[in-house]
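The values are calculated or read from the model by the stated rules, or taken from the named source; none is laboratory data. Note that the coordinates shown come from a computational prediction; the quantities given were computed from them, not determined experimentally. For neighbour counting, all protein chains shown are included, and Cβ atoms are generated from backbone atoms with ideal geometry for every residue, glycine included.
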Amino acid sequence: MNQSTVPQLDLPPQGGRSAFHIGKLVRNNMFVAASLTIALFIAGSLFNPNFLNPQNIGSIFTLAVIMGIASFGQTVVVISGGDGIDLSIGGSISLGAVMSALVMNGQNSGIVPALLLVIGTGILIGLVNSAGIILAKVPPLVMTMAVANILGIVQLIVCNGSPTGRPAPAIAYIGTHRIFPILTVLMIVGVVFMFLARRFLNNTTYGHQLFAVGNNDNAAFLSGARPYIVRMMAYILSGVVGMLTGFLLLGYNSFVFINMGMAYVLPSVAAVVIGGTSFAGGKGSFSGTMVGAILLTTLASLLIVINTDEAGRQIINGVALVLILALYTREPSVRQ
Amino acid sequence: MSQVRKFLSSAGTSGYLLLLGAIVINVVVQGSSFFSTANFTSILSVNTPLIIAAIAQTIVVLNRGIDLSVGSNITLVNTIVIMLSNKYGWSIEAACAAGLIAGTFIGAINGFIIAYFRIPSLLATFATMSVFGGLALIVLPTPGGSVPSYMYLLYGGQTLGIPNSVFIVIVVALIWLLLSKYPIGKHIRAVGGAEKSAYTAGISIAKVRFIAFTLAGTISGVAGLCITALTASGDPKIGLSITLNCIAAVILGGTRLAGGWGGIGGSVAGAVFLGLVNNIVFFFFNNFLTHFSGIASRASFIQQLLTNTIIILGLASAVFTQRRKKRAKIAT
């Protein structure tokens, strides 16, 4: 799985402003991330021989699937440029989980209403985000942070302070069933999602427009793309996929609690950076983000093996992000 | 007339206008009790940490950066002060000094990473936010602790009818206004406004950026001390909401996030505006909406929702007033 997810170069056909540099960097990013992941697996096995048994590897990849799907919206928003970043995905995930638990309440008949509600709310979140960012020109960072706050409160209002409900049996099956010790249903969902996401970003008109808008607003506008619509779609996608991640996370966990998605905000940004998506917009790939998600999940799992508490994990995640940033996102010196 | 035009085109206008509007609405929903000294003292002392954090954020934003770790900085200072004075028996003065040094050190770490590794400040402080938040959890895993009573009595008291917390804001503001007269203050703005030109003029970009973040760290440390005096206890999550609110205050105050243009006056007005919004929503619920039984059970959540929605609307309106100054582009 690990080897097979290291993909080919994912650049859009029209290329970026400095395609030869980017190409080298992306390939490099993937290679470094994959090697680091393998190193982490070896380190893990030194602390605990069970780290390498199929059961554990399967669990790590299953969690990586959830984190990867959670980071899809972040990838799209960052590629769309204009300082795009979506800090509201944690709120979307939390709200998605709380809402779908409430609606499904352990009944298979509740799946369709829950999905409709979750997707509808996701679209609404995206519309609110993009209204603030595109119409009122609030910086994306600030707008999505404010929306994240609002989603946290809406989540409390929806369940009146204490979330109740269970996932439907079918969803719990998808979330928890193991076909082999190393292969879970969720991993198959992840592979299908990744395939679709790649097709979506590289082989659709929208995907091409997304990269074009991220690279250069005016050039994209003059060649027929509408930057505001493309960006709005990016935030809507992020909202919908965030809510759906909450739906899946509920299936995986089988129970629901407040602020379930908070732990995904920082890793989603980190996964995007590790995957070689540029914060200047216009270049990047979902495959890269997925590799980043696998690396981060392996790191998190290793931290659990060596008995690190919540505080320690926060610190190590932050330090890891600083190191990754120092490696990959250094700005050019003013002299150049 | 020209005076009016000059005021309308200054940086802080949107902040002052929003503040004025908030005061009017607050008087309407609260009635005459708004004008009591006790009310002023309580509003100002509760919001002083936010006001000071907004000043710190302004300095960084003028330098064309952003500091997402302000909240974690405040939290870490708060937990360090409580731990040193409660667990290790330090006097509160010594603990506060240590807290201030810790705040400066946090700012210096941010500044070092951003200036010398040239990592975008948004991402760098996003990462350090997690690190400092984690450290605060290690220093003080659960809320608790106390400070000597004279500390919070002094902080919440008043001298000559003016709340003591206002003096802290004035001192911090004066320090920045004084620095603005010296080269370093001008360099911070210059690097934010036009990095290349500043470099050509012989300013060391990295050094100035480092100093800006360190200074912001020190001022955030002061905010951390204020919040300790205000709550008289320690809490490893206390600063969470301040990060967003202080950035919001800066934007409301008309400082341009692209750097170089703006000032702390607008940010202070923006921060007080945010405080008043809380006040307005509280009195609005207490005085007008108590008879709706459906709302009553979830009142505190709905109050928070309303406050946050007003903040977003405020952000949108502040950006609208700035918009006129930018040249129109082909595409959005």
- Query: Given the conditions (1) buried (at least 20 other Cβ atoms within 10 Å of the Cβ); (2) more than 29 Å from residue B:299 (Cβ to Cβ); (3) β-branched (Val, Ile, Thr); (4) free of Cβ contacts under 8 Å to residues at least 40 places away in the same chain, and given that residue A:133 satisfies all but one, which numbered condition is not satisfied?
  - Reply: (4)
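Out of the residues in the range B:287-318 that are among the aliphatic types (A, V, I, L, M) and modelled with pLDDT under 70, which is surrounded by the most Cβ atoms within 10 Å (Cβ to Cβ)? Steps first, answer last, please.
Filtering the range B:287-318 for residues among the aliphatic types (A, V, I, L, M) gives B:289, B:295-296, B:299, B:302, B:305-306, B:310-313, B:315-316, B:318.
Subsequent filtering for residues that are modelled with pLDDT under 70 retains B:289, B:295-296, B:318.
Working: B:289: 13, B:295: 14, B:296: 12, B:318: 28.
In this case the residue turns out to be B:318.
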- Task: Scan the range A:209-227 residue by residue and report those that are part of a helix (DSSP H, G or I) and buried (at least 18 other Cβ atoms within 10 Å of the Cβ).
- Result: A:209, A:210, A:211, A:212, A:213, A:214, A:215, A:217, A:220, A:221, A:227
- Query: When the range B:121-148 is examined, which residues are found to be farther than 16 Å from residue B:71 by Cβ and more than 21 Å from the chain's Cα centre (by Cα)?
  - Reply: B:138, B:141, B:142, B:144, B:145, B:146, B:147, B:148
- Item | Number of the exception - residue B:212 against (1) more than 27 Å from residue B:31 (Cα to Cα); (2) surrounded by fewer than 24 Cβ atoms within 10 Å (Cβ to Cβ) | (2)
- Note on the structure: Result of the Cβ filter at 6 Å on the range A:155-175, keeping first residues that are crowded, with 22+ Cβ neighbours inside 10 Å and partners that are modelled with pLDDT under 80 and of a type in the set (A, V, I, L, M), at least 6 apart or interchain, is none
- Task: Output the residue which, of all residues in the range B:119-169 that are among the polar types (S, T, N, Q) and over 27 Å from residue A:279 (Cβ atoms), is farthest from the other protein chains (Cβ to nearest Cβ).
- Result: B:159
- Task: Name, by its number, the condition in (1) away from chain B (no Cβ under 14 Å); (2) in a loop (DSSP other than H, G, I, E, B) that does not hold for residue A:279.
- Result: (1)
- Message: Condition (residue is in a loop (DSSP other than H, G, I, E, B) and touching a Phe, Trp or Tyr at 6+ places or on another chain (Cβ under 7 Å)) applied to the range A:287-307: is it met by at least one residue?
- Response: yes
- Item | Considering residues of the range A:152-184 that are within 10 Å of chain B (Cβ to nearest Cβ) and assigned to a helix (DSSP H, G or I) only, the residue farthest from residue B:256 (Cα to Cα) | A:158
- Item | Number of the condition not met by residue A:326 [criteria: (1) without any contact (Cβ under 8 Å) to a residue 40 or more places away in the chain; (2) over 25 Å from residue A:51 (Cβ atoms); (3) out of contact with any helix residue (DSSP H, G or I) (no Cβ under 8 Å at 6 or more places or on another chain)] | (3)
- Note on the structure: Of the listed residues (A:262, A:232, A:243), the one being within 14 Å of chain B (Cβ to nearest Cβ), among the aliphatic types (A, V, I, L, M) and surrounded by 18 or more Cβ atoms within 10 Å (Cβ to Cβ) is A:232
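Residue under question is residue A:286, and the condition is that it be more than 10 Å from chain B (Cβ to nearest Cβ), aromatic (Phe, Trp, Tyr) and more than 27 Å from residue A:207 (Cβ to Cβ); does it hold? Even if it seems obvious, please write down each step before you answer.
Working: more than 10 Å from chain B (Cβ to nearest Cβ): yes; aromatic (Phe, Trp, Tyr): yes; more than 27 Å from residue A:207 (Cβ to Cβ): no.
Answer is no for this residue.
Select from the range A:125-138 the residues that are in contact with a Leu (Cβ under 9 Å, 6 or more places away or on another chain) and under 18 Å from residue A:90 (Cβ atoms) and list them in ascending order. Give the steps one after another, and end with the answer.
First, the residues of the range A:125-138 that are in contact with a Leu (Cβ under 9 Å, 6 or more places away or on another chain): A:125-126, A:132, A:136, A:138.
Hits for the range A:125-138 are A:125, A:126, A:132.
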- Task: Please give the helices (runs of 4 or more DSSP H) falling wholly within the range B:160-277 in which 2 or more residues are within 14 Å of the chain's Cα centre (by Cα).
- Result: B:164-181, B:205-231, B:240-252
- Task: For the range A:86-116, enumerate the residues that are crowded, with 23+ Cβ neighbours inside 10 Å and aliphatic (A, V, I, L, M).
- Result: A:87, A:89, A:93, A:95, A:97, A:98, A:99, A:101, A:104, A:114
- Task: Scan the range B:156-187 residue by residue and report those that are within 21 Å of residue B:225 (Cβ to Cβ) and aromatic (Phe, Trp, Tyr).
- Result: B:167, B:176
- Message: Taking the condition of being more than 8 Å from every other protein chain (Cβ to nearest Cβ) and aliphatic (A, V, I, L, M), how many residues in the range A:136-151 meet it?
- Response: 2
- Query: Out of the residues in the range B:100-118 that are within 7 Å of chain A (Cβ to nearest Cβ) and either farther than 18 Å from residue B:73 by Cβ or under 19 Å from the mean Cα position of the chain (by Cα) (or both), which is modelled with the lowest pLDDT?
  - Reply: B:118
- Identify, by number, the condition in (1) under 24 Å from residue A:170 (Cα atoms); (2) in contact (Cβ under 8 Å) with a residue 24 or more places away in the chain that residue A:91 doesn't meet. (1)
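Looking only at the range B:187-246, filter to residues that are of a type in the set (D, E, K, R) and touching a residue at least 24 places away in the same chain (Cβ under 8 Å); which one of those is farthest from the other protein chains (Cβ to nearest Cβ)?
Of all residues in the range B:187-246, those of a type in the set (D, E, K, R) come to B:189, B:195-196, B:207, B:209, B:235, B:237.
Restricting the remaining residues to those that are touching a residue at least 24 places away in the same chain (Cβ under 8 Å) gives B:189, B:195, B:207, B:209, B:235, B:237.
Values: B:189: 16, B:195: 6, B:207: 12, B:209: 11, B:235: 14, B:237: 12 Å.
Taking the candidates together, the pick is B:189.
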